[in-house]
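The next block holds one structure in the form of structure tokens; read it before the comments.
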Amino acid sequence: MRIAFVILAHKFPEQIARLINSLNSEDDHFFIHIDKRSPSVHNEVQKLFESTSNVFLINERYACRWGQFSLVSATLSCLRSIYLSKETYDYVFLISGQDYPIKPLSEIKLYLEKHQGQQFMDAFPFLEPNPWSEHGGSFQPKKRVSNWHFFLNSRHFHLPLLRKMPNSLVPYGGSQWWALTGECVRYMMQYLSTNPHVTNYFKHTYIPDEIFFQTLVCNSPFKPEITGSNLTYADWMNPNPFPPRVLTLEDFEALKNSHLFIARKFEPDRSGELLNLIDRNLLRNTATLQY
């Protein structure tokens, strides 16, 4: 079981290092995109892993802003590196630099082996009702993809003019984070290379990181293998003050009892004690306690 971990990050270089060390094995590789607006973070992570052969920092970097296609571009830059490497991976796991495992890598791999071939992705069609039905204005699911959306820096402009989805694609949405088989990722990269107009269409959608990959996989031969949920824990119901919740010691029991494998999000100043507790009790790993 070989895994390629795709990590999107923009801050906390030592926490990124801790995350990688918690998941590291000689069989697995890490492809890291650091926000173009965070050069010091990129340089620090590069120094920390300059002699590590299975950690790759992506040179094709983007200034990532919420709601914009730049987050999809950042992910695609990592997937392109995986695809061009010609390496074979059983799974490609998309996580953020503020994630952390809540089960040992051995358990993650055992679970993936047991469910080999399944696509761990939260995905639902934009039919009524759906999990985003209560959103209004330009946040309405269908308007996210069927209207024109533009950004000037971080300012969003919405034109309620209907567009037709390319290639008769049916739109789907879900969580940004997922774990897909290597075969599924190769399919997506080959599809996009011969259908660049699909990528161009999504450049004018709203919050496409929650739509782009779901739409591709749900309109592919891999749709029957989608589980409908991913493997990442996040608490959207109890923000402190913003969702998803920054996890602290108060969340340890919830993480301990979770059936999921990765959790988010963590911050050094607020989550340090929790991370140490996870290392000792859930991962049984003391190597990362130096961070």
I'd like to compare 54-60, 118-124: which one has the highest average count of other Cβ atoms within 10 Å, and what's the full order after that? 118-124, 54-60
Take the Cβ-Cβ distance between Lys142 and Thr227 as r, set R0 to 22 Å, and report the resulting FRET efficiency rounded to the nearest 0.05. 0.35
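First check a/c for region 205-245, with a ≥ b ≥ c the square roots of the eigenvalues of its C-alpha gyration tensor; if it is under 1.5, answer rounded, and if not, answer prolate when a/b is larger than b/c or oblate otherwise.
It comes out oblate by the Cα gyration axes.
Going by the alpha-carbon gyration tensor, a ≥ b ≥ c the square roots of its eigenvalues, is region 44-157 rounded (a/c under 1.5) or, if a/c is not under 1.5, prolate (a/b greater than b/c) versus oblate? Mind showing how you got there, number by number?
Details: a/c = 2.32, a/b = 1.38, b/c = 1.68.
Oblate, because a/c is 1.5 or more while a/b does not exceed b/c.
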Net charge of neighbours whose Cβ lies under 12 Å from the Cβ of His158, counting Lys and Arg as +1 and Asp and Glu as -1: +3
Based on the Cβ-Cβ distance of Asn276 and His197, what FRET efficiency does E = 1/(1 + (r/R0)^6) give at R0 = 45 Å, to the nearest 0.05? 0.35
Spatially proximal lysines relative to Lys265 (Cα-Cα < 16 Å; intrachain offsets below 8 disregarded): Lys11, Lys103, Lys256
Applying a 10 Å radius around every beta-carbon, put 265-275, 236-246 in order of their mean neighbour count, most first. 265-275, 236-246
Label-point gap, in nm, between Lys11 and Leu48 - each point 7 angstrom along Cα→Cβ: 1.5 nm
Would you compute, from DSSP H runs of 4+ residues alone, the mean residue ellipticity of the chain at 222 nm, taking -39500 (n - 2.57) per run and dividing by the full residue count, rounded to the nearest 500? -9500 deg cm²/dmol
Rounded if a/c under 1.5, otherwise prolate or oblate - region 172-237, Cα gyration tensor axes: oblate
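Bear in mind that the values in this text are calculations on the coordinates, not laboratory data. These figures come from a predicted structure and were not determined experimentally. Virtual Cβ from ideal backbone geometry, glycine too; neighbours counted across all protein chains shown.
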